[in-house]
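Student: One structure coming up, written as structure tokens, with questions to follow.
The values are calculated or read from the model by the stated rules, or taken from the named source; none is laboratory data. Source: prediction; values computed, not measured. Because the Cβ atoms are built from the backbone with ideal geometry, glycine has one as well, and the counts that use them run over all protein chains shown. For accessibility, only protein heavy atoms count, side chains too; no ligands or nucleic acids. Shrake-Rupley method; radii C 1.70, N 1.55, O 1.52, S 1.80 Å.
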Amino acid sequence: MTMIKKRYSRLRGAIFYCGLVLITGILSLPALVAISTSFKPYSEIFTTNPTILPQHFTLASYQKLLAIPEFPVYLLNSLIVAAFSAAIAIAVGVLAAYALVFFRFPGRRVIRQALLTTYMFPAITLVFPVFFGASRLNLLDTYTILILTNLSFALPIAIWLLLGFFEKIPVELERAARVDGCNRLQTVFHVILPVMLPSIMAIGVFTFILGWGEYLFALTLTLTDAHRTASPGMHALMGNYRIDYGLLTAAGTVIVFPLVLLFALFQKHIVEGMTSASHHRL
Amino acid sequence: MVCETKRSWGAILAPYGFLAPAVIIVFGVLIYPLVYAVYFSLTDKTMLVSAYHFVGLGNYIELMGDSKFWQAFRHSIVFALVTGGLNLFLGFGMALVLNRRFRFRGVFHTVLLLPWVIPPIVTGLIFRWLYNDFYGYLNCLLLGVHLIEKPILFLVDAHYLWPSVIIANVWVEYPFVMLMFMAGLQSIDPDLYRAAKADGAGSMQLFFHVTLPGLQRVFFVNVLLQIIFMFKTFNLVWILTQGGPGGRIELLSTLAFHYAFEGTQTGYGSAVASIIFYVLLILSCIYVVITTRKIKER
Amino acid sequence: MTRLSLQNVSKSLGNALVLKKINLEVHPGELMVIIGPSGCGKSTLLNVIAGLEDTDEGHIFFNEQPVEHLAPKARDVAMVFQNYALYPHKTVFGNLAFGLKMRGFTKPEIQERVAAVARQLNIHQLLLRKPRHLSGGECQRVAMGRALVRRPNIYLLDEPLSNLDALLRSQIRTEIKKLHAVLKTTMIFVTHDQIEAMTLADRIAVMNQGRIVQVGTPDEIYERPKTDFVAAFMGNPAMNLFTGQKDAQGRLHLHGNTLQVNASPGGKDQTIRVGFRPEKVRLGIDTGLRFKGRVTVLEPTGADVFAIIDCGGEDVRCRVPRGCLTVGQQVGVSVQTKDLHIFNAQSGHRVDGVKRP
């Protein structure tokens, strides 16, 4: 009896795994195909009989990519824009989230709701006025305008996630710091920041990931290769090297690789942040 | 004897000081441009001429007679409902699967979440390559098993355009829903399952009497969030199709972009973009009202 | 030594009025215990004293100096929290030193003070550990230590023993009492545990629904509760409380008994609440208030037995020596008139004027 039951449950386990592997395989196939294409020789890319894995592994596409002088500039621009916008979003967001969680003051609920609702604003509505504003202020094609526009989504998301983390700090910890002689700002620096450091870094990483690949503002607000970030850069490559999918998938892989690495490293905290944030009310 | 204590101005203003940088940035990069967008929508501004005039509701009245606008509006609604629905379906299903305990769960979790961090331009590339008419995997596979005789133009052909674009969108958007549902599943008190099991509930009954009721709020929040997010979608649809041949998959967002940047009619395009905002504003208000009411009931 | 005085302190959180015109005097060097059921406002009162929350109304004085405008730092109070609130990223040394560092003490001073307190509390071997590697009792000591190194004006302790197991709780309770005897610093100790209150306090303040109901020595609180709330709240097992009538002649009618009691103000018929402590119930029909009934529950507590006697639908709780009752037995019990506490049924205020030693 128990033998049968055991065998039955083993069978069920096997079916479950097979199903899961199959689904995961199908869902990761698009990305796998792209990565493998980037390592294929020309003849294997343009064939009507493609294989999933490259038969002759080659870095030819990556060598070709390296020969494009603009490409590293795109990555560097993305790094600068994403790093600055993430840093500002964190710095400003920490102060705001601290106030919303640990202060009691008139208007707290309204400000909280207003800040969180901005997360839903459509970027497409913002982009025309921002374009004209930037051109009037001579900010078109600068890092400044890209960093500012990235903040339009990075800051609300950062606040949203930070609220989730801060609400988990025991209020007594913050009070202990103040009784020990900290003013509010010192409390943030001596207690809140060090205690929440991994979570705050995870939020920084998340906003960095979003900023790195931001498309709409970067496309409309950059004009030259000097300030193009990865997304409009890739857009340009897709125009210039229309059908060279070896080169394009190589570029895509290089653009995504740091994000995958960062995400894998900080996944636990990012997921935890989303988890706690999904519970709190607007 | 009532004695009002007088608090120092510093103590009263401190929280506003902490909030000021965030509020200033939000005003600068969100509120101010938004107000300007609404203002533009009331003018005849164009890309090329710097002078423009206030035309009142002229643009909106013109839009009411614009068949392209109504087509895009319909497209946006269908797109939001279908894509949002599929995201919810796949996200919920995968969350249920990943909520079980099994070996290598973390690995599957990471792999399944990864599309979420891929920038839209790269997703666009991935699917353009997958859908490629001569050398794309999908066509080669379908030709190889003789399901089709000649390659399908996935991003052009009227029959395949919508499903192709929606699949690409679902691929990047569902992990977020999955994450939210996993959070919801984990927040259900395990004692409820123990109690239901002690009462003799089977796995189906556990699902319908414990899991689903416990996810009520998460369901509600995600349905609205998905409609909101999918209604304002721009990036992937633009990258893959630019609205499609003959505007077959023209959404409000891509139409606004066409009018304002490519057609240089900034005022008219802003009116379209503003309408997206009005719709989202109404949806957000519903969201806020209902979630706050739900909390009060508790 | 600091004298603390609260005058008409009110505080609301959201729409709820949490503190309602609190008046309280804490003498210099006194150990005042504030006790009350959860949600009565006792923790808020501590936060208000510490300056963690602002008052809406009223004044707070430390030695006649108004402090209600001052930040916590300037008030120089130390606090111990129920969940200890140790800084998880700092070592034990860092936790103890932090308050001194924020107040600008020099390194040698900090070293010296921390070392002294660590020796005093027997935590000197833990100084380099992080809080997550400490046991509950050790965390509690570190939390105490963090308050002690500061040598503050007032110690505020917010249910500091509630997270400990029973044995450790009574040990540390004794230590706190010893510590207070040595320090002679004003100390306010919030708890919901009446044994802590009775054993520790110089005086007890009983709080209920945002008000201080009674302030007095443990004996006063126990022997002469000012209201039926205090009577029911203090004492374990709880006081027996019954509803009866008092007539114009000052006679009490309760459960078939008619007694002459010394209750004021007399004059007319009124409903009253009559209470007596379980340990004042005597076996056998004697003078005073008499009950007859059947023993339904016996709970041995070691030295004696706690019994519930069903007297015609009303339970009388009593504390009797071991072995003199069995379940199901019919017994008669009585309570002397001098052991009765009589309260107005509407207001809950004490109405009898009987003097007790």
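Student: If I ask for residues that are among the basic types (K, R) and either open to solvent by less than 20 Å² (accessible area, probe 1.4 Å) or free of Cβ contacts under 8 Å to residues at least 40 places away in the same chain (or both), which ones from the stretch C:212-255 would you list?
Tutor: Those that are among the basic types (K, R) and either open to solvent by less than 20 Å² (accessible area, probe 1.4 Å) or free of Cβ contacts under 8 Å to residues at least 40 places away in the same chain (or both): C:K246, C:R251.
Student: Which residues, taken from the stretch C:85-100, are assigned to a loop (DSSP other than H, G, I, E, B) and under 22 Å from C:E159 (Cα atoms)?
Tutor: Within the stretch C:85-100, C:A85, C:L86, C:Y87, C:P88 qualify.
Student: While we're here: Looking only at strands (runs of 3 or more DSSP E) that fall completely inside the stretch C:262-351, which ones have 1 or more residues that are in contact with an Asp or Glu (Cβ under 6 Å, 6 or more places away or on another chain) and open to solvent by less than 30 Å² (accessible area, probe 1.4 Å)? Explain how you work it out, then say what you get.
Tutor: Values: elements: C:270-276, C:289-300, C:304-311, C:314-321, C:330-335, C:341-344.
Where strands (runs of 3 or more DSSP E) fall fully within the stretch C:262-351 and carry at least 1 residues being in contact with an Asp or Glu (Cβ under 6 Å, 6 or more places away or on another chain) and open to solvent by less than 30 Å² (accessible area, probe 1.4 Å), they are C:270-276, C:289-300, C:304-311, C:330-335, C:341-344.
Student: Does A:F166 count as at pLDDT 90 or above and within 10 Å of another protein chain (Cβ to nearest Cβ)?
Tutor: Values: at pLDDT 90 or above: yes; within 10 Å of another protein chain (Cβ to nearest Cβ): no.
The answer is no for A:F166.
Student: While we're here: Quick check on the stretch B:240-251. Is at least one of its residues buried (at least 19 other Cβ atoms within 10 Å of the Cβ), more than 30 Å from B:I126 (Cα to Cα), within 19 Å of the chain's Cα centre (by Cα) and free of Cβ contacts under 8 Å to residues at least 60 places away in the same chain?
Tutor: Within the stretch B:240-251, not a single residue is buried (at least 19 other Cβ atoms within 10 Å of the Cβ), more than 30 Å from B:I126 (Cα to Cα), within 19 Å of the chain's Cα centre (by Cα) and free of Cβ contacts under 8 Å to residues at least 60 places away in the same chain.
Student: Being touching a residue at least 12 places away in the same chain (Cβ under 8 Å) and either under 30 Å from B:E262 (Cα atoms) or outside any loop (DSSP other than H, G, I, E, B) (or both) is the filter here; which residues of the stretch B:193-218 pass it?
Tutor: Residues satisfying the conditions are B:Y193, B:A196, B:L206, B:H209, B:V210, B:T211, B:G214, B:R217, B:V218.
Student: Shifting gears a bit: Do we have any residue at all in the stretch A:198-208 that's facing another protein chain (nearest Cβ under 8 Å) and either part of a helix (DSSP H, G or I) or buried (at least 21 other Cβ atoms within 10 Å of the Cβ) (or both)?
Tutor: No, the stretch A:198-208 has no match at all.
Student: Could you give me the residue pairs with C-beta distances under 7 Å whose first residue belongs to the stretch A:1-22 and is surrounded by 10 or more Cβ atoms within 10 Å (Cβ to Cβ), whose second residue is assigned to a helix (DSSP H, G or I) and modelled with pLDDT of 85 or more wherever it lies, and which are 6+ apart or on separate chains?
Tutor: Note: pairs meeting the criteria are A:L20/B:V97; A:L20/B:F108.
Student: What pairs can you find where one residue is in the stretch C:133-144 and farther than 18 Å from C:V114 by Cβ, the other is part of a helix (DSSP H, G or I), and their Cβ atoms are less than 8 Å apart, with a gap of 6+ or different chains?
Tutor: Partner pairs satisfying both residue conditions: C:G136/C:L168; C:G137/C:L168; C:G137/C:I172.
Student: Among the numbered criteria (1) more than 7 Å from every other protein chain (Cβ to nearest Cβ); (2) over 21 Å from A:A91 (Cβ atoms), which single criterion is violated by B:G17?
Tutor: Every condition holds for B:G17 apart from (2).
Student: Going through the stretch A:169-220 one residue at a time, which ones are touching a residue at least 24 places away in the same chain (Cβ under 8 Å) and of a type in the set (F, W, Y)?
Tutor: A:F206, A:F208, A:W212, A:F217
Student: Hey, any hits in the stretch B:138-145 for a residue that's within 22 Å of the chain's Cα centre (by Cα) and either closer than 30 Å to A:F263 by Cβ or of a type in the set (A, V, I, L, M) (or both)?
Tutor: For the stretch B:138-145, residues within 22 Å of the chain's Cα centre (by Cα) and either closer than 30 Å to A:F263 by Cβ or of a type in the set (A, V, I, L, M) (or both): absent.
Student: Next question. Could you check the stretch C:101-112 and list, in sequence order, the residues that are part of a helix (DSSP H, G or I) and open to solvent by 40 Å² or more (accessible area, probe 1.4 Å)?
Tutor: Across the stretch C:101-112, the qualifying residues are C:K101, C:K107, C:P108, C:E109, C:Q111, C:E112.
Student: Now for a separate question. For the stretch B:250-268, what are the residues that are over 15 Å from B:S76 (Cβ atoms) and assigned to a helix (DSSP H, G or I)?
Tutor: Matches in the stretch B:250-268: B:A260, B:F261, B:E262, B:T266, B:G267, B:Y268.
Student: OK, next. What pairs can you find where one residue is in the stretch B:143-171 and in contact (Cβ under 8 Å) with a residue 12 or more places away in the chain, the other is acidic (D, E), and their Cβ atoms are less than 6 Å apart, with a gap of 6+ or different chains?
Tutor: Correct list of pairs: B:P151/B:D133; B:L153/B:D133.
Student: Here's something else I'd like to know. So how many residues does the stretch A:40-59 have that are crowded, with 18+ Cβ neighbours inside 10 Å, in contact (Cβ under 8 Å) with a residue 24 or more places away in the chain and not basic (K, R)?
Tutor: 1
Student: All but one of (1) surrounded by 21 or more Cβ atoms within 10 Å (Cβ to Cβ); (2) in contact with a Pro (Cβ under 9 Å, 6 or more places away or on another chain); (3) of a type outside the set (S, T, Y); (4) not in a strand (DSSP E or B) hold for C:I204; state the number of the condition that does not hold.
Tutor: C:I204 satisfies all of (1) surrounded by 21 or more Cβ atoms within 10 Å (Cβ to Cβ); (2) in contact with a Pro (Cβ under 9 Å, 6 or more places away or on another chain); (3) of a type outside the set (S, T, Y); (4) not in a strand (DSSP E or B) except (4).
Student: Hey, can you tell me all the residues within the stretch A:79-99 that are crowded, with 16+ Cβ neighbours inside 10 Å, facing chain B (nearest Cβ under 9 Å) and not β-branched (V, I, T)?
Tutor: Listed by number, the residues that qualify are A:A89, A:G93, A:L95, A:A96, A:A97, A:Y98, A:A99.
Student: Looking only at the stretch C:98-108, how many residues end up being more than 10 Å from chain A (Cβ to nearest Cβ) and hydrophobic (A, V, I, L, M, F, W, C)?
Tutor: Qualifying residue count for the region: 1.
Student: Is there a residue in the stretch C:57-74 that is open to solvent by 40 Å² or more (accessible area, probe 1.4 Å), in contact (Cβ under 8 Å) with a residue 60 or more places away in the chain, farther than 21 Å from A:R184 by Cα and within 14 Å of another protein chain (Cβ to nearest Cβ)?
Tutor: No, the stretch C:57-74 contains no residue that is open to solvent by 40 Å² or more (accessible area, probe 1.4 Å), in contact (Cβ under 8 Å) with a residue 60 or more places away in the chain, farther than 21 Å from A:R184 by Cα and within 14 Å of another protein chain (Cβ to nearest Cβ).
Student: Any idea which of B:N235, B:N222 is polar (S, T, N, Q), within 9 Å of chain A (Cβ to nearest Cβ) and open to solvent by less than 10 Å² (accessible area, probe 1.4 Å)?
Tutor: Selected residue: B:N222, the only one of B:N235, B:N222 that is polar (S, T, N, Q), within 9 Å of chain A (Cβ to nearest Cβ) and open to solvent by less than 10 Å² (accessible area, probe 1.4 Å).
Student: What number goes with the only condition from (1) in a helix (DSSP H, G or I); (2) over 19 Å from B:W116 (Cα atoms); (3) modelled with pLDDT under 90 that A:L173 does not pass?
Tutor: Every condition holds for A:L173 apart from (3).
Student: Another question about this same structure. So, in the stretch A:125-149, how many residues would count as being of a type outside the set (A, V, I, L, M, F, W, C) and more than 12 Å from chain B (Cβ to nearest Cβ)?
Tutor: Within the stretch A:125-149, residues that are of a type outside the set (A, V, I, L, M, F, W, C) and more than 12 Å from chain B (Cβ to nearest Cβ) number 4.
Student: Looking only at the stretch B:137-153, decide whether some residue is modelled with pLDDT of 90 or more, at negative phi and out of contact with any His (no Cβ under 7 Å at 6 or more places or on another chain).
Tutor: No.
Student: Testing B:L281 on (1) more than 10 Å from chain A (Cβ to nearest Cβ); (2) of a type outside the set (D, E); (3) open to solvent by 40 Å² or more (accessible area, probe 1.4 Å), one condition comes back false. Which one is that?
Tutor: Condition (1) is where B:L281 drops out.
Student: Give the stretch B:15-71 a look and list any residue that's in contact (Cβ under 8 Å) with a residue 60 or more places away in the chain and of a type in the set (D, E, K, R), or say none.
Tutor: If the condition is that a residue be in contact (Cβ under 8 Å) with a residue 60 or more places away in the chain and of a type in the set (D, E, K, R), then B:D44, B:K45, B:E62, B:K68 are the ones that fit.
Student: Continuing with this model, one more query. Being more than 8 Å from chain B (Cβ to nearest Cβ) and more than 30 Å from A:D244 (Cβ to Cβ) is the requirement here; does A:A60 meet it?
Tutor: no
Student: For residues that are open to solvent by less than 30 Å² (accessible area, probe 1.4 Å) and either under 18 Å from A:A158 (Cβ atoms) or modelled with pLDDT under 90 (or both), scanning just the stretch A:102-111, find the one that is nearest to the other protein chains (Cβ to nearest Cβ).
Tutor: This residue is A:F105.
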